[in-house]
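Enquirer: Dropping the structure in here first, questions after.
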2 protein chains.
Amino acid sequence: MKIRNAFYAQSGGVTAVINASASGVIETARKNTATIGKVYAGLNGIVGALQEEMVDTSQESAVDISRLCHTPGGAFGSCRYKMKNFEDDTREYERLIDVFKAHDIGFFFYNGGGDSADTCLKVSKVSEKMGYPIQSIHIPKTIDNDLPLTDCSPGFGSVAKYVAASIKEASLDIASMSASSTKVFILEVMGRHAGWIAASGGLASDKEGDAPHIILFPEIPFSREKFISKVETTIKEKGYCVVVASEGTQYSDGAHISGSLQRDAFGHQQLGGVAPTLASMIKQSTGYKYHWALADYLQRSARHIASKTDVEQAYAVGKRAVELAVEGRDSIMVTIERNKGISYSWSLGEASLARVANMEKKMPRSFITKDGFNITQQARKYLQPLINGEDYPPYKNGLPDYVSLRKVMVPKKLADYFDV
Amino acid sequence: MKIRNAFYAQSGGVTAVINASASGVIETARKNTATIGKVYAGLNGIVGALQEEMVDTSQESAVDISRLCHTPGGAFGSCRYKMKNFEDDTREYERLIDVFKAHDIGFFFYNGGGDSADTCLKVSKVSEKMGYPIQSIHIPKTIDNDLPLTDCSPGFGSVAKYVAASIKEASLDIASMSASSTKVFILEVMGRHAGWIAASGGLASDKEGDAPHIILFPEIPFSREKFISKVETTIKEKGYCVVVASEGTQYSDGAHISGSLQRDAFGHQQLGGVAPTLASMIKQSTGYKYHWALADYLQRSARHIASKTDVEQAYAVGKRAVELAVEGRDSIMVTIERNKGISYSWSLGEASLARVANMEKKMPRSFITKDGFNITQQARKYLQPLINGEDYPPYKNGLPDYVSLRKVMVPKKLADYFDV
């Protein structure tokens, strides 16, 4: 078998553990030199392939590649770039193949969510059409946990741990302050279409009635009346109320809740996030003192409190992708499977890319309590193992010691490409 | 010497390490039974003393008291309660003394910031006036780090570590995304009057030019033009721009920046935080894609990433307060002193409460770069040791395992007090 190079790229929003997948890919490729030559990483994702801007990972030391395992963000850069419509115009995919040809790339490892699974599938199709063989393997990654056919997605467990720990900590804070001051705390979390991240906040409670008292999911239509009523009941019973709100919280007609807020006493309308919108509603309806937080990028880059399970799975899917490539496989996504049994264990599987692309896995209704405001025991059972274990990064001068790669670029061979 | 009981209370915004001070007080009192009887803790701060609602800490196990060292929030409840004006009306202070008399309390340990130092001083005065001896000792606590006469304040080092680590992590995230997506990231942090917390974000950079590129301090008047210009220059040079903004960022006339934003294209005015206000300015002036986060309570309750130095200092000031009481001292605050020498070390000192009360320590101008947008080497030298060392809490089921106290109440002896 001819030795060919591999291309690896990171796609979409990055996570605390996507670099662990990169580490899994590169370290495993380095052990399979009979099949794989060098691993070239796309600078800023797939855009790097289109523009022939690739990092030669063979120039990075073994130590630095292993340090990727504890470094958040996307070490090679990611992108939010939508490939041109494949059905109307395959030129962009053909450009990819041209770059792959020029650099003798026979393996395409794409590390991302649903969109990148779709791209992966199309690369596979174009390679066939153009008669240039590429094995195209998708490495799952999304904090949103909405990829189908895999029990969970690498990146999610660490966000879940961050959100649950943050809620646990902030709840102790507000519990201390509530007698004479703040009575409501709202944390807005990511997850525009699926409530998995918001749900993970529910793990902060040890027993029924503990904070968080209200979780708002995109899957459950928002009712201002029910929400305010639940806040008031909770404050009467507990003295304070902790809310986890998904950024995707919406009314039954699909309208985002921040778009429809009444003007306040000054005639101003609140712009922006879900948390300040909810805070304004509480102020208008109840007058309670509130605080709110918006974790934004902090939640998905918080490698300092990553889930060990998540880090291990992220590394494993990268490693397995290369192993499957070496076995000659094509057009598949590596999956994580939950083994049967009382205690949690997992193994790796695979799914055909044709089945993965453009499907979104939402929270099942059975994971959400009847009143729509919390998670069920079934959800806990699913979520809890994913945040298990700590995997602290090394520290230097009081801060996590993250790696910066050298990023030596692969010399270009083609003419510039201006279509991106 | 007659054995007398002690009263301990937590005041104002809680921190990740205020319970370590409580632990220091209670454990040290338990070792000094020849002088100190029981330690009663005010339920919800000083309000608990006024209302004769006190937790009998002798009912808590030694294990639980030691677990306070790794538990954030205020274990006995805190309060934002302003005592009535002492000069016009000493009734409220007299009520305190009545409660202390009824429960044979001879030691008053008040754990808080500037206001509580002032309360501590007044209790001392009233006790003299009423001929009932109370030794009044202030235990410093404030995330704002604005207490005078102490090198730093317990609570600050852990917020500083959280903010610096979060900026380091989020900067890796935005660096990955900036080529095709988000170009500006803003983190709003606490510190209404002093820029210490914002300054700590500067520790995230290893060398000049690293993120954060802009720090906004309350001490430096905000100029929209200079800010936008710095954002644009940074993006040109680095490809992205990371901003740490103090919630107290203000114009030269003292007006808070969020109050003066121009209406957006929809005629809406932005309400609330500094981060969304800055984001709107960037949108209006440059059109760059931005993300922003507001850490709020998460920053001051993040015990999971507490500074070991801070935890040790918080415990030590609690311990020393009791030791000083046993030595017969009164009307003082325990201080932290930075020892001379090349490597950081500290010891404990004390300051007269009369000198502490109502002074606020702001960032010296020499700690801020000439352009007003970053910290100097001198600031780094001051700040860095305060975030040194990790002190992870134990974990259970993937989350920090924080203690909940039993909180057995001391039986009341007096008539109800309705004036609070």
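Enquirer: Which residue out of A:A29, A:A9, A:A41 is surrounded by 20 or more Cβ atoms within 10 Å (Cβ to Cβ), farther than 17 Å from A:D98 by Cα and either in the same structural domain as A:G74 (by TED's automatic domain parsing) or touching a Leu at 6+ places or on another chain (Cβ under 6 Å) (or both)?
Expert: From the options A:A29, A:A9, A:A41, the qualifying one is A:A29.
Enquirer: Got a sec? Which of B:V334, B:V311, B:V317 is within 14 Å of another protein chain (Cβ to nearest Cβ), in contact (Cβ under 8 Å) with a residue 60 or more places away in the chain and out of contact with any Phe, Trp or Tyr (no Cβ under 9 Å at 6 or more places or on another chain)?
Expert: B:V311 is the lone residue from the list that is within 14 Å of another protein chain (Cβ to nearest Cβ), in contact (Cβ under 8 Å) with a residue 60 or more places away in the chain and out of contact with any Phe, Trp or Tyr (no Cβ under 9 Å at 6 or more places or on another chain).
Enquirer: May I pose another question? Tell me which residues, restricted to the stretch B:307-346, are in contact with a Pro (Cβ under 8 Å, 6 or more places away or on another chain) and under 26 Å from B:L399 (Cα atoms).
Expert: If the condition is that a residue be in contact with a Pro (Cβ under 8 Å, 6 or more places away or on another chain) and under 26 Å from B:L399 (Cα atoms), then B:T309, B:D310, B:Q313, B:A314 are the ones that fit.
Enquirer: Same structure again: Residues in the stretch B:1-31 that are over 20 Å from the mean Cα position of the chain (by Cα) and assigned to a strand (DSSP E or B): how many?
Expert: So the answer is 4.
Enquirer: In this structure, does A:L121 turn out to be over 30 Å from B:I167 (Cβ atoms) and of a type in the set (A, V, I, L, M)? Steps first, answer last, please.
Expert: On the way: over 30 Å from B:I167 (Cβ atoms): yes; of a type in the set (A, V, I, L, M): yes.
Criteria met by A:L121.
Enquirer: Go through (1) surrounded by fewer than 24 Cβ atoms within 10 Å (Cβ to Cβ); (2) within 14 Å of chain A (Cβ to nearest Cβ); (3) over 19 Å from the mean Cα position of the chain (by Cα); (4) not in a loop (DSSP other than H, G, I, E, B) and name the single condition B:Y344 misses.
Expert: Just one mismatch for B:Y344, condition (4).
Enquirer: On the basis of being buried (at least 16 other Cβ atoms within 10 Å of the Cβ), in a loop (DSSP other than H, G, I, E, B) and out of contact with any helix residue (DSSP H, G or I) (no Cβ under 8 Å at 6 or more places or on another chain), does A:K370 make the cut?
Expert: no
Enquirer: Among the residues of the stretch A:328-339, how many are within 14 Å of A:F108 (Cα to Cα) and assigned to a loop (DSSP other than H, G, I, E, B)? So that I can check it myself, show each step before the final result.
Expert: Step one: list which residues in the stretch A:328-339 are within 14 Å of A:F108 (Cα to Cα), which gives A:328-334.
If we keep only those that are assigned to a loop (DSSP other than H, G, I, E, B) as well, we get A:328-331.
Adding up the residues that qualify gives 4.
Enquirer: Tally time: how many residues in the stretch B:237-258 are surrounded by fewer than 22 Cβ atoms within 10 Å (Cβ to Cβ), without any contact (Cβ under 8 Å) to a residue 40 or more places away in the chain and of a type outside the set (A, V, I, L, M)?
Expert: Of the residues in that region, 8 qualify.
Enquirer: Here's another thing I want to ask about it. Tally the residues that are under 19 Å from B:L294 (Cβ atoms), out of contact with any strand residue (DSSP E or B) (no Cβ under 6 Å at 6 or more places or on another chain) and within 7 Å of chain B (Cβ to nearest Cβ), restricting the search to the stretch A:173-186.
Expert: 3
Enquirer: Next question. Checking B:Q284 against (1) at pLDDT 95 or above; (2) surrounded by fewer than 18 Cβ atoms within 10 Å (Cβ to Cβ): exactly one of these is not met. Which one?
Expert: (1)
Enquirer: Quick check on A:A34: is it closer than 17 Å to A:G106 by Cα, assigned by TED's automatic domain parsing to the domain that holds A:V311 and outside any helix (DSSP H, G or I)? Before you say what the answer is, go through the steps one by one.
Expert: Details: closer than 17 Å to A:G106 by Cα: yes; assigned by TED's automatic domain parsing to the domain that holds A:V311: yes; outside any helix (DSSP H, G or I): yes.
Yes; evaluated as a whole, the condition is true for this residue.
Enquirer: Shifting gears a bit: Could you say which residue among B:S61, B:S21 is closer than 22 Å to B:S158 by Cα and away from chain A (no Cβ under 13 Å)?
Expert: None of the others qualify; the one that does is B:S21.
Enquirer: I would also like to ask the following. Could you say which residue among B:K412, B:K370, B:K381, B:K362 is more than 10 Å from chain A (Cβ to nearest Cβ) and within 28 Å of B:A62 (Cβ to Cβ)?
Expert: On the way: B:K370 fails: within 28 Å of B:A62 (Cβ to Cβ); B:K381 fails: within 28 Å of B:A62 (Cβ to Cβ); B:K362 fails: within 28 Å of B:A62 (Cβ to Cβ).
Going through B:K412, B:K370, B:K381, B:K362 in turn, the sole match is B:K412.
Enquirer: Considering each of B:E237, B:E208 in turn, give the residue that is farther than 17 Å from B:I375 by Cα and of a type in the set (D, E).
Expert: B:E237
Enquirer: Which residues, taken from the stretch A:280-308, are within 7 Å of chain B (Cβ to nearest Cβ) and in a helix (DSSP H, G or I)? Walk me through it before giving the result.
Expert: Going through the stretch A:280-308, the residues within 7 Å of chain B (Cβ to nearest Cβ) turn out to be A:291-298, A:300-305, A:307.
Scanning the stretch A:280-308 gives A:Y297, A:L298, A:R300, A:S301, A:R303, A:H304, A:I305.
Enquirer: If you don't mind, another one. I'm checking my understanding of the structure. Among residues of the stretch A:374-404 that are farther than 25 Å from B:T309 by Cα and of a type in the set (K, R), which one is surrounded by the fewest Cβ atoms within 10 Å (Cβ to Cβ)?
Expert: Only one residue tops the list, namely A:K381.
Enquirer: Checking B:P393 against (1) under 18 Å from A:Y392 (Cβ atoms); (2) of a type outside the set (S, T, N, Q); (3) more than 10 Å from chain A (Cβ to nearest Cβ), which single condition isn't satisfied?
Expert: The failed condition is (3).
Enquirer: Another question about this same structure. A:H193 is checked against (1) surrounded by fewer than 24 Cβ atoms within 10 Å (Cβ to Cβ); (2) touching an Asp or Glu at 6+ places or on another chain (Cβ under 9 Å); (3) facing chain B (nearest Cβ under 10 Å) and fails just one. What number does that condition carry?
Expert: (3)
Enquirer: Filter the stretch B:157-170 for residues that are of a type in the set (G, A, S) and more than 8 Å from every other protein chain (Cβ to nearest Cβ) and give the result.
Expert: Those that are of a type in the set (G, A, S) and more than 8 Å from every other protein chain (Cβ to nearest Cβ): B:G157, B:S158, B:A160.
Enquirer: Looking for something out of contact with any Lys or Arg (no Cβ under 9 Å at 6 or more places or on another chain), modelled with pLDDT under 95 and of a type in the set (V, I, T) - is there at least one such residue anywhere in the stretch B:360-368?
Expert: no
Enquirer: Only residues that are crowded, with 20+ Cβ neighbours inside 10 Å and either touching a residue at least 60 places away in the same chain (Cβ under 8 Å) or among the small types (G, A, S) (or both): list them for the stretch A:58-75, please.
Expert: A:E60, A:R67, A:L68, A:C69, A:H70, A:T71, A:P72, A:G73, A:G74, A:A75
Enquirer: Does any residue of the stretch B:76-94 turn out to be buried (at least 24 other Cβ atoms within 10 Å of the Cβ) and within 23 Å of B:R4 (Cα to Cα)?
Expert: yes
Enquirer: Take the stretch A:368-390 and flag every residue that is of a type outside the set (A, V, I, L, M) and under 18 Å from B:N397 (Cβ atoms). If you could, list the steps in order and put the result at the bottom.
Expert: Of the stretch A:368-390, the ones of a type outside the set (A, V, I, L, M) are A:369-374, A:376-378, A:380-382, A:384-385, A:388-390.
Once the filter is applied, which keeps residues that are of a type outside the set (A, V, I, L, M) and under 18 Å from B:N397 (Cβ atoms), the stretch A:368-390 yields A:N374, A:T376, A:Q377, A:Q378, A:R380, A:K381, A:Y382, A:Q384, A:P385, A:N388, A:G389, A:E390.
Enquirer: Please state which of the following conditions B:A198 fails to meet, knowing it meets all the rest: (1) within 14 Å of chain A (Cβ to nearest Cβ); (2) crowded, with 24+ Cβ neighbours inside 10 Å.
Expert: (1)
The values are calculated or read from the model by the stated rules, or taken from the named source; none is laboratory data. On a predicted model such as this, the values are computed, not experimentally measured, just so you know. As a convention, Cβ positions derive from the backbone with ideal geometry for all residues, glycine included, and neighbour counts pool all protein chains shown.
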